[in-house]
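Engineer: Sharing a structure here in structure tokens format.
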Amino acid sequence: YDTYSQFDRETSNQFSIGLDLNYAIYAGGLVDASREFCIVRNGKAFTREEIHAFGTPQDKFGGYTNKSKGEFTGKNKDYIPERDLGGYNCGHIPNWVTYAIAKTKRPDIQKSIYDKQKAAA
């Protein structure tokens with residue numbers, strides 16, 4: 001199950017990079033066994049750099065068992081945020097979207113640094 005989910009998320013990530021989509025909605029809903037890390041993020045929009053910070057002490061969102069070490073229940077040993085999201089057996093997917101769509105889900109979301117870099121080039 002994890003192999004398929006990881007492949008799907010990584011493929012989605014590669015397409016999002018090619019399409020300059022730097023925002024994702026943490027999608028998939030909740031089940032009885034949902035972990036706190038996913039509960040906090042479910043249905044919310046994030047910038048690419050916020051997603052990069054998942055599983056690290058720099059993540060400004062919750063759901064950690066030890067925030068200072070970036071540890072959360074279910075975290076994979078070789079954790080890559082875009083590929084693993086909520087860790088092993090996580091059924092969530094990142095739905096990559098434009099800034100305008102992300103802003104409708106989270107009005108306080110800031111422009112991604114990746115958008116700013118492209119605009120400056």
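Engineer: Among [x] 83, 21, 20; [y] 41, 30, 25; [z] 51, 24, 22, which is the computed Cα extents along the principal axes in Å?
Structural biologist: [y]
Engineer: Next up: Can you give the angle from 0 to 90° between the axis of helix 2-18 and the longest principal axis of the chain, with both taken from C-alpha atoms, to the nearest 10?
Structural biologist: Here the helix axis deviates by roughly 10 degrees.
Engineer: Same structure, new question: Compare R106, R41, R83 in a GNM of the chain, Cα atoms joined below 10 Å, and give the one with the largest fluctuation.
Structural biologist: R106
Engineer: While we're on this one: Using modelled backbone amide H atoms (1.01 Å from N, in-plane), which distant-in-sequence or interchain residues come within less than 5 Å of A27's amide H?
Structural biologist: G43, I93, N95
Engineer: Also, quick follow-up: Report the relative contact order of the chain, percent, no decimals, based on alpha-carbon pairs under 8 angstrom and at least 6 residues apart.
Structural biologist: This gives 34 percent for the chain.
Engineer: 7 Å from Cα along Cα→Cβ at both I93 and T11: what's the point-to-point distance in nm?
Structural biologist: Result for the modelled spin labels: 1.0 nm.
Engineer: As a check on your grasp of the helix formula, calculate [θ] at 222 nm for the chain: sum -39500 (n - 2.57) over DSSP H runs of n ≥ 4, divide by the residue count, round to the nearest 500.
Structural biologist: -10500 deg cm²/dmol
Engineer: Further question: Whole angstrom only: what separates the Cα centroid of segment 45-121 from the Cα centroid of segment 1-27?
Structural biologist: The distance from the Cα centre of segment 45-121 to that of segment 1-27 comes to 12 Å.
Engineer: Also, quick follow-up: Provide the gained length on full extension for the span I39 to I101, in nm with one decimal, where the gain is 0.36 nm per separating residue minus the Cα-Cα distance.
Structural biologist: Gain on stretching I39 to I101: 20.2 nm.
Engineer: Quick check for you: with a 1.4 Å probe and neighbouring chains kept, what is the accessible area per residue of the chain, in Å²?
Structural biologist: Per residue, the chain has 56 Å² of solvent-accessible surface.
Engineer: Additional query: Count the net charge of all other residues whose Cβ sits under 11 Å from the Cβ of E82, scoring Lys and Arg as +1 and Asp and Glu as -1.
Structural biologist: Result for the neighbourhood of E82: +1.
The values are calculated or read from the model by the stated rules, or taken from the named source; none is laboratory data. Because the structure is predicted, anything quoted here is derived from the model rather than measured. Positions of Cβ are backbone-derived with ideal geometry, glycine not excepted, and every protein chain shown enters the neighbour counts. All accessible areas refer to the heavy atoms of the entire protein, side chains included, with ligands and DNA or RNA removed. Shrake-Rupley method; radii C 1.70, N 1.55, O 1.52, S 1.80 Å.
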